[in-house]
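Structure record follows, encoded as structure tokens.
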């Protein structure tokens, strides 16, 4: 079987760099990748990074390669972060932020339940949002109270404002790091309370209560018209007509209750 020779005259050097974990030739660490790739690609298979996982930082003027200055970093962003280790992903603050985002996502998944699309109106949707948000606030309030109830009155290390941000096993720097910061449940509780205030304000501005009264009045008029039509078509006797004021209101009250 014969193979057609590949024309490599237009190939260029991969734009990636050898990272600190490159053990094949440690002297190349920090230098540009030497792999030659086709003209329609920017990185080789070892250095390709999906855009959503790529570091969002840009190379500073102090970068030794003038051609990279101002361009977006080509490295992988650290897990649950937006930057790579070179651009600040290894700092304590960045690691704590990544842990916080993971915990917030897990907690938010427990609070919200998503369902199928339903037919509704703007007024009904706003009323539903008020009721759902009020339920979320009540549920989160219970979680916060459970945490606060387990403190035993010790405010110096209250878990609502103090907790573990780092834990490492093995090595000389093993142990746990505890720092001051709002508990994830407390933050979600405060956010949901603020959202409840907003949706209530929106409901008031939309005049929902006034609309509900007018809707009830309109429905009442329609019911009265329907009842009058029914009674007229029945051709009731004078004795039966005399009983209408007692019988009809009784059944309407039972319907409302």
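The values are calculated or read from the model by the stated rules, or taken from the named source; none is laboratory data. On a predicted model such as this, the values are computed, not experimentally measured, just so you know. Here Cβ is always computed from backbone atoms with ideal geometry, including for glycine, and neighbour counts include all displayed protein chains.
Quick check on the stretch 97-118. Is at least one of its residues in contact with a strand residue (DSSP E or B) (Cβ under 9 Å, 6 or more places away or on another chain), at pLDDT 80 or above and in the same structural domain as residue 188 (by TED's automatic domain parsing)? Walk me through it before giving the result.
As a first pass, look at the stretch 97-118 and keep what is in contact with a strand residue (DSSP E or B) (Cβ under 9 Å, 6 or more places away or on another chain): 99-100.
Within this subset, residues satisfying the condition of being at pLDDT 80 or above are 99-100.
Keeping just the survivors that are in the same structural domain as residue 188 (by TED's automatic domain parsing) gives 99-100.
Checked the stretch 97-118: at least one residue is in contact with a strand residue (DSSP E or B) (Cβ under 9 Å, 6 or more places away or on another chain), at pLDDT 80 or above and in the same structural domain as residue 188 (by TED's automatic domain parsing).
Could you tell me how many of the residues in the stretch 61-81 are within 23 Å of residue 100 (Cα to Cα) and not in a loop (DSSP other than H, G, I, E, B)?
Residues that pass the stated criteria total 1.
Of the residues 253, 243, which is loosely packed, with under 13 Cβ neighbours inside 10 Å, out of contact with any helix residue (DSSP H, G or I) (no Cβ under 9 Å at 6 or more places or on another chain), assigned to a helix (DSSP H, G or I) and at pLDDT 75 or above? Don't jump to the end; show me each part of the working.
Working: 253 fails: at pLDDT 75 or above.
Being loosely packed, with under 13 Cβ neighbours inside 10 Å, out of contact with any helix residue (DSSP H, G or I) (no Cβ under 9 Å at 6 or more places or on another chain), assigned to a helix (DSSP H, G or I) and at pLDDT 75 or above holds for just one of 253, 243, which is 243.
Being in contact with a helix residue (DSSP H, G or I) (Cβ under 9 Å, 6 or more places away or on another chain) and more than 17 Å from residue 87 (Cα to Cα) is the filter; apply it to the stretch 22-70 and report the residue that is surrounded by the most Cβ atoms within 10 Å (Cβ to Cβ).
22
When you scan the stretch 32-60, how many residues do you find that are within 39 Å of the chain's Cα centre (by Cα) and part of a loop (DSSP other than H, G, I, E, B)?
Number of matching residues: 17.
Count, please, the residues in the stretch 15-42 that happen to be in contact with a strand residue (DSSP E or B) (Cβ under 7 Å, 6 or more places away or on another chain) and under 16 Å from residue 73 (Cα atoms).
So the answer is 5.
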